[in-house]
Each structure stands twice: as C-alpha cells, then as structure tokens.
1. Looking only at strands (runs of 3 or more DSSP E) that lie completely in the range 47-146, which have at least 1 residues being surrounded by 14 or more Cβ atoms within 10 Å (Cβ to Cβ) and touching a helix residue (DSSP H, G or I) at 6+ places or on another chain (Cβ under 7 Å)?
2. Taking strands (runs of 3 or more DSSP E) that fall entirely within the range 155-202, which contain at least 1 residues that are in contact with a strand residue (DSSP E or B) (Cβ under 7 Å, 6 or more places away or on another chain) and within 14 Å of residue 113 (Cβ to Cβ)?
3. Determine the pairs where a residue that is touching a residue at least 40 places away in the same chain (Cβ under 8 Å) and at negative phi, located within the range 121-149, has a partner that is in a helix (DSSP H, G or I) and exposed (fewer than 13 other Cβ atoms within 10 Å of the Cβ) with Cβ atoms under 9 Å apart, the partner being 6 or more residues away or on another chain.
4. Taking the criterion of being assigned to a loop (DSSP other than H, G, I, E, B), touching a strand residue (DSSP E or B) at 6+ places or on another chain (Cβ under 8 Å), surrounded by 12 or more Cβ atoms within 10 Å (Cβ to Cβ) and at pLDDT below 75, would at least one residue in the range 19-38 satisfy it?
C-alpha cells in the first residue's frame, strides 16, 4: 500500500511541469493603428497611433487548443482635418479592449510556436474633451461602446517550461456612433493592436 502511495506521489511530481505549462499570464506593451473616418463634408476624423499596456490569461485545454482572455488600455490623440491639415483638437481618446479568443497553436512544444485565433471583443472608448471642442459648436463627444469579433495571430518564443517571449496581433472591427450637441457621426476606428510581451507559465 505504501509503495502505491509513493508511486502516485512520484508520478504527480514528474507530471507537475507538464501541468505547469497549461496556463500562462502575459504582460504586454501595445501599439495600435486606428482607421480614419471621412465625414460627409469632406473633413476627416484622424487619431494618432495609440499606445498602452495589456494583460492576458491563456489556458490550454488539450493539445494545440487554448483560450486567451486579454484586456488592453490604449491612448491616442484625435484631430479633425481638412485637406490633410489639423483644424480642431479633439483631445485624448482612451480605448479599452477586452477579448476572448480561441487559439490554435501549430508547434506548442517547440521553440517557435505560431498561432491563429478568433473570438469575441468588447470595446469601450472614452469621452472626447478639449478646449477647441468647448469653444466650438461641437462640445463634448460621447462614443458608444460595442460588442464585436476579433481576429488574432501571433508567435511565442518558448525560453523554457515557465517563460516565453511573444508577439501578438489582434484586429478588432469597431465602428461606434459618436454624439455631440444633438448631432452624430459613425466613426470607423477598427483598432489593429500589435503587442510585445512576456508570458509566465504555471
């Protein structure tokens, strides 16, 4: 009986590193490109490249299949442009993106592990405020939050059982309505979020 308990303990100890690789937490530095929206009057709503940070949790269910849950907070500056020139400062836009992605890893056990994925996304953009908006007839701009989908691709560089460096790219279609002073405009933001980070496995 004792030998059976001892064998079970040894097997549990030997299998621990494998189970330790079933989960990881990632910390990321992120940049994003936001699309330009062209108004009916020929003016453009243009946002600069966004920058921020993200965190993620990934769980492998079996073999090459995992689910990834991530949250990113990004900041960019916006302007209204006419003929390519900035004419109105929109202030700073904070965009918060949450994603739930199903991923397929092509070489999970190797040093280089590329993956593809797709899933759901929830995007919330902050309110736009600036002195230019206050002095104009536009005023404060409120942007709708929306559910949608996300496409995902990336690669892990596995440095060991418990550590990996990674590059991750997510495309999130996001076309919210924006409202100010009784008027509205449908924005086309569609953030393409490219992140570099570290995954800690356990």
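1. Values: elements: 50-62, 65-82, 85-105, 112-125.
In the range 47-146, 85-105 are the strands (runs of 3 or more DSSP E) which contain 1 or more residues that are surrounded by 14 or more Cβ atoms within 10 Å (Cβ to Cβ) and touching a helix residue (DSSP H, G or I) at 6+ places or on another chain (Cβ under 7 Å).
2. On the way: elements: 163-171, 177-180, 183-186, 192-201.
The qualifying strands (runs of 3 or more DSSP E) are 163-171, 192-201.
3. From residues that are touching a residue at least 40 places away in the same chain (Cβ under 8 Å) and at negative phi, the pairs are 140/134.
4. So the first thing to find is which residues in the range 19-38 are assigned to a loop (DSSP other than H, G, I, E, B), and the list is 21-22, 34-36.
Next cut, touching a strand residue (DSSP E or B) at 6+ places or on another chain (Cβ under 8 Å) only: 21-22, 34, 36.
When the remaining residues are screened for being surrounded by 12 or more Cβ atoms within 10 Å (Cβ to Cβ), the result is 21-22, 34, 36.
Next, only the ones that are at pLDDT below 75 stay: 21.
Within the range 19-38, one or more residues are assigned to a loop (DSSP other than H, G, I, E, B), touching a strand residue (DSSP E or B) at 6+ places or on another chain (Cβ under 8 Å), surrounded by 12 or more Cβ atoms within 10 Å (Cβ to Cβ) and at pLDDT below 75.
The values are calculated or read from the model by the stated rules, or taken from the named source; none is laboratory data. Predicted model only: the values in this text are computed from it and were never measured. Here the Cβ is made from the backbone with ideal geometry for all residues, glycine too, and neighbour counts use every protein chain on show.
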